[in-house]
Amino acid sequence: MKQLDLRRFPGFFAITLLCVVVLYAPLLVVSVYSFNASTSITNWGGVSLEWYVDVFTGPESPKFQRAAMNSLIIAVLAGLCATLIATSAAVAMHRAGRFKGKTATFALINLPLMVPEVVTAVASLIFFTAIGFSGGVGTILLAHITFCIPFAYLPIAARMQSVPDSYEQAAMDLYATPWEAFRLVLLPLMMPGIFSGFLLAFIISLDDFLITNFVKGAGVETLPTAIFGAVKQGIKPNIMAISTLMLGVSVVFVTLSWLIGRSGQAKT
Amino acid sequence: MAAMAPGGASSSEIYKGNASRLLLPTWVVIGVFLLVPVALMATYSFLTKEFRGGVIWEFSLAAYDQFFLNRGLFGDEPPRIEWTYITIFWRSIWQAGLATLLCLLIGFPTAWFIATREARMRTVWLLIVTVPYWVNLLIRTVSMKFLIRDEGPLNAMLLWSGLIDQPLGLINTNLAVQLGLFYSYLPFMVLPIYAAVERYDFALSEAAADLYAGRWTTLRLVILPVVKPGLIAGCILVFVPSLGAFLAPDLLGGAKSFMIGSLIEEQFKGAAGNWPFGAAAAMILMSIVMVVLLVYARSQTREAKA
């Protein structure tokens, strides 16, 4: 008798394929058209790298390069600060026993995830204006650190939970101070989580448009706000080349974090 | 999510007594740069507007009045309900709801399919579905605009194949926004459902089959109830960001698909800026989201007790 395969449902594979097509079709189309030799975005004029050259040397290149630099600096700094803060918070939440206000702190850490992005954007703009901070890289950075904390916290806390504290106990039995137990034992064990936390925070910072657009002030641009400004005047081929480059960077990052995640799993 | 439960989980006390020192940076940063700003925003929604942006520190209910009531052009008529903004909110709610439903209908089979592969193929499929989530949302939305605009490749392909004889006219419609929202947040639906299906015990399906339940009956009466927490988590993760979305409605939609995000943005960026009104609209949006999250949290606690 033929066994009924309980895991199979007719049509589910087709829907999965549909899902993949919907997710990738727009990105693939833009990548292909970024190699278009024509100045029109509609007609195909043969394969060329013209628009990639334009991105690096064209009339708009200084603007986009400055924006890319701002984005990169902000993402690295916001990622580092958020990771530092989140690591310290994770140690408190998972290695300091019970304490007053633990539930409230947990809610606070996750607050940036629960408040809708546009609300955070409005609130930040009002706050920075009220205290007299004019927009700029500094205000963008402060806003980014804040909303990156929960993203850095999630993988770090998950990792810390999977590492039993017996290693640190053993170290302290051998007269390690709590600081030494943390630095020499817990921290190395936590590294895969900390690294994924940083990568996630970095990507989230790089991805942000809405909050940045509210707090940036005039004249300061990150890559997303610069692209948004350009797209408002119509999609041009150089935008497609930039998009394809950013797509490439994202793919490299996912693969990297995937490999790190796998090596982290293999060790435990 | 259960693993993240506060308090419980890990009882380790190695660094006991250091909690406040370790948490100080978190409290200060999120407190000063999120809690205080939100409180300030709440205050601003009750202040008087200053022309050209900003506020005058005088208490006023004008922002909420403007949102809900219409007192005529000169403000001297008896108040009637103002539908302009309620309509925008209502449109946002059903657009977000529909996007959630679509993501669920496509996301569940996808998550199921991936979770029932062999371990090796599972990670590959999972990677395929998560890569778009890591790609800049603006880039993804612009790509969607490029694909579906009237002169775009989608219409060109359909025209060439003879399926249609004029462009679909998809861009700047509610449908385009819908497509954008669905496309933006689909991975948020797949991942939590995948996690739930992965933990599903197939002995349950076998038991159902032994009792002569068909495939679809098993799905409806056994599988769906068991993976329900994953379905609900996915729905929340899609609905909440869709409700306040800015990029998809702004880039793909037109005047008739205006949503909350654009309404709020306009109050702070546009020439006709009105900060108290923008703050009030943001407060109303946040209240809706908080209600949704509270209902979710209550259902979680009830489930945990049961």
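Quick notes on this structure:
- Residue check, residue A:262 facing chain B (nearest Cβ under 10 Å), basic (Lys, Arg) and assigned to a helix (DSSP H, G or I): yes
- Subset of segment A:130-146 (residues that are assigned to a helix (DSSP H, G or I), in contact (Cβ under 8 Å) with a residue 60 or more places away in the chain and over 18 Å from residue B:23 (Cβ atoms)): A:137, A:139, A:140, A:141, A:143, A:144
Yes/no per residue for (1) more than 30 Å from residue A:14 (Cα to Cα); (2) touching a strand residue (DSSP E or B) at 6+ places or on another chain (Cβ under 6 Å):
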{"residue": "B:56", "(1), (2)": "yes, yes"}
{"residue": "B:65", "(1), (2)": "yes, no"}
{"residue": "B:74", "(1), (2)": "yes, no"}
{"residue": "B:91", "(1), (2)": "yes, no"}
{"residue": "B:94", "(1), (2)": "no, no"}
{"residue": "B:102", "(1), (2)": "no, no"}
{"residue": "B:111", "(1), (2)": "no, no"}
{"residue": "B:123", "(1), (2)": "no, no"}
{"residue": "B:127", "(1), (2)": "no, no"}
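- Count of segment B:92-121 residues which are surrounded by fewer than 19 Cβ atoms within 10 Å (Cβ to Cβ) and closer than 30 Å to residue B:68 by Cα: 5
- In segment A:15-58, the residues that are loosely packed, with under 13 Cβ neighbours inside 10 Å and under 27 Å from the mean Cα position of the chain (by Cα): A:17, A:21, A:56
- Checking each residue in segment A:221-238 for being among the β-branched types (Val, Ile, Thr) and modelled with pLDDT of 90 or more picks out A:222, A:225, A:227, A:231.
- The residue of segment B:147-201 that is surrounded by the most Cβ atoms within 10 Å (Cβ to Cβ), among those that are assigned to a loop (DSSP other than H, G, I, E, B) and hydrophobic (A, V, I, L, M, F, W, C), is B:171.
- Applying the criterion of being surrounded by 21 or more Cβ atoms within 10 Å (Cβ to Cβ) and more than 10 Å from chain B (Cβ to nearest Cβ) to the residues of segment A:238-258, the residue that is farthest from the chain's Cα centre (by Cα) is A:238.
- Selection count, segment A:243-261, where residues are more than 24 Å from residue A:227 (Cβ to Cβ) and of a type in the set (A, V, I, L, M, F, W, C): 3
- Residue match in segment B:11-33 (condition: more than 9 Å from chain A (Cβ to nearest Cβ), more than 25 Å from the chain's Cα centre (by Cα), crowded, with 16+ Cβ neighbours inside 10 Å and aromatic (Phe, Trp, Tyr)): no
- The set of residues in segment A:223-250 that are without any contact (Cβ under 8 Å) to a residue 12 or more places away in the chain and polar (S, T, N, Q) contains only A:233.
- Residue B:77 vs. criteria loosely packed, with under 14 Cβ neighbours inside 10 Å and either more than 9 Å from chain A (Cβ to nearest Cβ) or not hydrophobic (A, V, I, L, M, F, W, C) (or both): yes
- Options B:204, B:237, B:219, B:231: the member that is touching a residue at least 40 places away in the same chain (Cβ under 8 Å), of a type outside the set (Asp, Glu), assigned to a helix (DSSP H, G or I) and facing chain A (nearest Cβ under 10 Å): B:237
- Residue A:103 vs. criteria within 13 Å of chain B (Cβ to nearest Cβ) and buried (at least 21 other Cβ atoms within 10 Å of the Cβ): no
The values are calculated or read from the model by the stated rules, or taken from the named source; none is laboratory data. Given the structure is predicted, the values throughout are model-derived calculations rather than measurements. Please note: Cβ atoms are built from the backbone with ideal geometry, for glycine as well, and neighbour counts cover all protein chains shown.
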